[in-house]
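*Asks:* Have a look at the structure that comes next, please.
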Amino acid sequence: MTGADRTLVAGVDTSTQSCKVVVCDADTGEVVREGRGTHPSGTEVDPQDWWDAFEEATADGLLEDVAALSVGGQQHGMVLLDEDDAVVRPALLWNDTRSAHAARSLVDELGGAQAWADRVGVVPLAAITVSKLRWSAEQEPDVFARARTCVLPHDWLTGQILRRHGGRDAGWVTDRGDASGTGYFDAASGDYDRDLLRLAVNRDLELPEVLGPHEEAGRTASGMVLGPGTGDNAAAALGLGLRPGDVVMSLGTSGTAFARHDSPSHDATGEVASYADATGTFLPLVCTLNAARVLTAGAHALGTDLAGLEDLALQAELGAGGLTLLPYLDGERTPNLPDATGTLSGLTRDNLTPANLARAMVEGMVLGVGAGVDSLAREGVTVERIHLIGGAVASRAVREIAADLLGVPVVVPAAGEYVALGAARQAAWTLRGGELPDWPVPTSARLEARPSEHATDVVGRYRELVRTVHG
């Protein structure tokens, strides 16, 4: 089939570190071409940098003949706009922890974590948008006074694509998947809880319209249809084609564990957030601050690179000779320990070797995110197999240690931009309506679970260290 015979759709992943765009065949999901742009580092970013990266990623005619596009974006980011829709301050990203105290205050003011879990399925943490709004209102009142609207990163980029490419200006839009990460949207009812927003900032803000799973956000002057877009994890779930019993562990800048579920959850611990997915059901999710960067830090400490860390970790036995790492190197979101630091326990003169240290780094990262899978199971999610995705999964050590410690079969999808692919799949759905298109997901590895008494001891040792150090 020639390019002229295909219907092309595009998906965008505007993530913490970069903007990735894939152009796919709407019928098969085959990636036809792709592009990438870079975002600056930091926990607050001028949204103009997102637009610059999008233009870099789509240069040289990448979107030529594309019939529809959707945007998947990093969740929770606070983008404040004035009455002219100009950005009031740099966007606060999910990994900015300055709002930790504001989150604790909000929990107390509503009557505790269970009250929030019952109300919207999400307990405020530093990462959640409502906490960032409270922080801004308290710490920079003159700036916040200029704000009239709050949108999320994917909302902002969708709006910019429409406005800068001649589309009709129908106001700001979002979807239930991304809105459910704000702390003032109830995924169960599908409505904003504006009383919680007023609790946070003592006034009203304009909020984007919540579109249906494949409802048009608008069209550009050239006729390209824009889908509603969604949050990055909901987009990844679309890209991976999740089925009942499937749980995703994503090991990127952050770590996440999530699954599609047919009902909302109400976890008072705040560990499991009751998000919506991008199809009309739910996406219970656990997120950690620490994942792949634990391995980068470990490699640096051992004077090697990631390949060297992998080699060392594979030389050590399961359990790292008794070493256990709590990988809270950047504080932690789950468990809610924003001021925590990492802990390395079990050191002896005999086990203090580079190989055991490397192994402990990998095991600590896997168990840190794997604890989220346990939390999902506690909330009623069936865990039959785990899909491992994210940059850290390129490591053989990560894959094998996951099979050792997680207790269920592990599937490693072929390397791909699954957030962008999920957004492209949504774009195809928006373009054509009907059923969500069924795109195949190639697999690069399948590892059977390798349960053992030793593995059970290693997991138990990790859990006991969390209790001992952090209560």
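The values are calculated or read from the model by the stated rules, or taken from the named source; none is laboratory data. Quick caveat, the model's predicted, so the values are computed rather than measured. Virtual Cβ from ideal backbone geometry, glycine too; neighbours counted across all protein chains shown. Protein only, heavy atoms only, side chains kept; ligands, DNA and RNA dropped before computing areas. Shrake-Rupley method; radii C 1.70, N 1.55, O 1.52, S 1.80 Å.
*Asks:* Which residue is least open to solvent (accessible area, probe 1.4 Å), if the candidates are limited to region 308-323 and must be assigned to a helix (DSSP H, G or I) and farther than 18 Å from Leu295 by Cβ?
*Replies:* Ranking the qualifying residues of region 308-323, first place goes to Gly322.
*Asks:* Let me ask another. Please go through region 224-255 and give me each residue that is under 10 Å from the mean Cα position of the chain (by Cα) and not hydrophobic (A, V, I, L, M, F, W, C), ordered by number.
*Replies:* Passing the criteria: Gly231, Asp232, Asn233, Ser250, Gly252, Thr253, Ser254, Gly255.
*Asks:* Would you check if Arg194 is closer than 19 Å to Leu81 by Cα and open to solvent by 40 Å² or more (accessible area, probe 1.4 Å)?
*Replies:* Yes; evaluated as a whole, the condition is true for this residue.
*Asks:* Identify, by number, the condition in (1) more than 25 Å from Gly322 (Cα to Cα); (2) within 25 Å of the chain's Cα centre (by Cα); (3) surrounded by fewer than 16 Cβ atoms within 10 Å (Cβ to Cβ) that Arg463 doesn't meet.
*Replies:* (1)
*Asks:* One residue is enough: does region 423-446 have a residue meeting the conditions within 21 Å of Glu317 (Cβ to Cβ), in contact (Cβ under 8 Å) with a residue 24 or more places away in the chain and either open to solvent by 30 Å² or more (accessible area, probe 1.4 Å) or not β-branched (Val, Ile, Thr) (or both)?
*Replies:* no
*Asks:* To continue, here is another question. If we scan region 184-201, do we find a residue that is part of a loop (DSSP other than H, G, I, E, B) and over 25 Å from the mean Cα position of the chain (by Cα)?
*Replies:* No, every residue in region 184-201 fails to be part of a loop (DSSP other than H, G, I, E, B) and over 25 Å from the mean Cα position of the chain (by Cα).
*Asks:* Of (1) open to solvent by 50 Å² or more (accessible area, probe 1.4 Å); (2) in a loop (DSSP other than H, G, I, E, B), Asp142 satisfies all except one. Which?
*Replies:* Answer for Asp142: the failing condition is (2).
*Asks:* Name the pairs: first residue in region 190-217 and in contact (Cβ under 8 Å) with a residue 40 or more places away in the chain, second residue surrounded by fewer than 20 Cβ atoms within 10 Å (Cβ to Cβ) and acidic (Asp, Glu), Cβ to Cβ under 8 Å, at least 6 apart or on different chains?
*Replies:* Leu197/Asp204; Leu199/Glu109
*Asks:* Would you say Asp374 is among the acidic types (Asp, Glu), over 30 Å from Leu69 (Cα atoms) and open to solvent by 50 Å² or more (accessible area, probe 1.4 Å)?
*Replies:* Yes; evaluated as a whole, the condition is true for this residue.
*Asks:* Further, regarding this structure: Please work out which residue is nearest to Gln160 (Cα to Cα), limiting yourself to region 80-94 and to residues that are within 20 Å of the chain's Cα centre (by Cα) and not in a loop (DSSP other than H, G, I, E, B).
*Replies:* Ranking the candidates gives Ala91 first.
*Asks:* Taking the conditions exactly as written (hydroxyl-bearing (Ser, Thr, Tyr) and in a strand (DSSP E or B)), does Thr279 satisfy them or not?
*Replies:* Answer is no for this residue.
*Asks:* Still on this structure: Counting just the residues of region 29-66 that are exposed (fewer than 14 other Cβ atoms within 10 Å of the Cβ) and of a type in the set (Ser, Thr, Tyr), which one comes out modelled with the highest pLDDT?
*Replies:* Of everything passing the filter in region 29-66, Thr38 is modelled with the highest pLDDT.
*Asks:* Now for a different question. Please verify whether region 441-463 includes one or more residues that are in a loop (DSSP other than H, G, I, E, B), farther than 30 Å from Ala355 by Cβ and at pLDDT below 95.
*Replies:* Yes, region 441-463 contains at least one residue that is in a loop (DSSP other than H, G, I, E, B), farther than 30 Å from Ala355 by Cβ and at pLDDT below 95.
*Asks:* Only one of (1) modelled with pLDDT of 95 or more; (2) over 26 Å from Pro327 (Cβ atoms); (3) crowded, with 23+ Cβ neighbours inside 10 Å is not met by Met249, so which one is it?
*Replies:* (2)
*Asks:* Now, a different point. Every residue in region 327-365 that is among the aliphatic types (A, V, I, L, M) and under 25 Å from Thr43 (Cβ atoms), please.
*Replies:* Within region 327-365, Leu329, Leu337, Ala340, Met361, Met365 qualify.
*Asks:* Right, next: Tell me, which residue of region 390-422 that is assigned to a helix (DSSP H, G or I) and not aliphatic (A, V, I, L, M) is least open to solvent (accessible area, probe 1.4 Å)?
*Replies:* Gly422
*Asks:* Mind checking which residues of region 271-286 are open to solvent by 10 Å² or more (accessible area, probe 1.4 Å) and of a type outside the set (Gly, Ala, Ser)?
*Replies:* Glu271, Thr279, Thr281, Phe282
*Asks:* Can you name the residue in region 289-303 that is out of contact with any helix residue (DSSP H, G or I) (no Cβ under 7 Å at 6 or more places or on another chain) and in contact (Cβ under 8 Å) with a residue 24 or more places away in the chain and, of all such residues, is least open to solvent (accessible area, probe 1.4 Å)?
*Replies:* Among those that are out of contact with any helix residue (DSSP H, G or I) (no Cβ under 7 Å at 6 or more places or on another chain) and in contact (Cβ under 8 Å) with a residue 24 or more places away in the chain, it is Leu289.
*Asks:* Hey, can you tell me all the residues within region 121-148 that are touching a Phe, Trp or Tyr at 6+ places or on another chain (Cβ under 7 Å), under 19 Å from Gly231 (Cα atoms) and not aliphatic (A, V, I, L, M)?
*Replies:* If the condition is that a residue be touching a Phe, Trp or Tyr at 6+ places or on another chain (Cβ under 7 Å), under 19 Å from Gly231 (Cα atoms) and not aliphatic (A, V, I, L, M), then Pro124 is the only one that fits.
*Asks:* Would you tally the residues in region 324-347 being modelled with pLDDT of 95 or more, open to solvent by less than 50 Å² (accessible area, probe 1.4 Å) and part of a strand (DSSP E or B)?
*Replies:* Number satisfying all stated conditions: 5.
*Asks:* I want to confirm something. Restricting to region 398-440 and keeping residues that are among the aromatic types (Phe, Trp, Tyr) and at pLDDT 95 or above, which single residue is farthest from Asp277 (Cα to Cα)?
*Replies:* Residue satisfying both the conditions and the ranking: Trp439.
*Asks:* If you don't mind, there's one more thing I want to ask. Out of the residues in region 220-233 that are within 21 Å of Leu152 (Cα to Cα), modelled with pLDDT of 95 or more and not β-branched (Val, Ile, Thr), which is surrounded by the most Cβ atoms within 10 Å (Cβ to Cβ)?
*Replies:* Going through the qualifying residues, I end up with Gly229.
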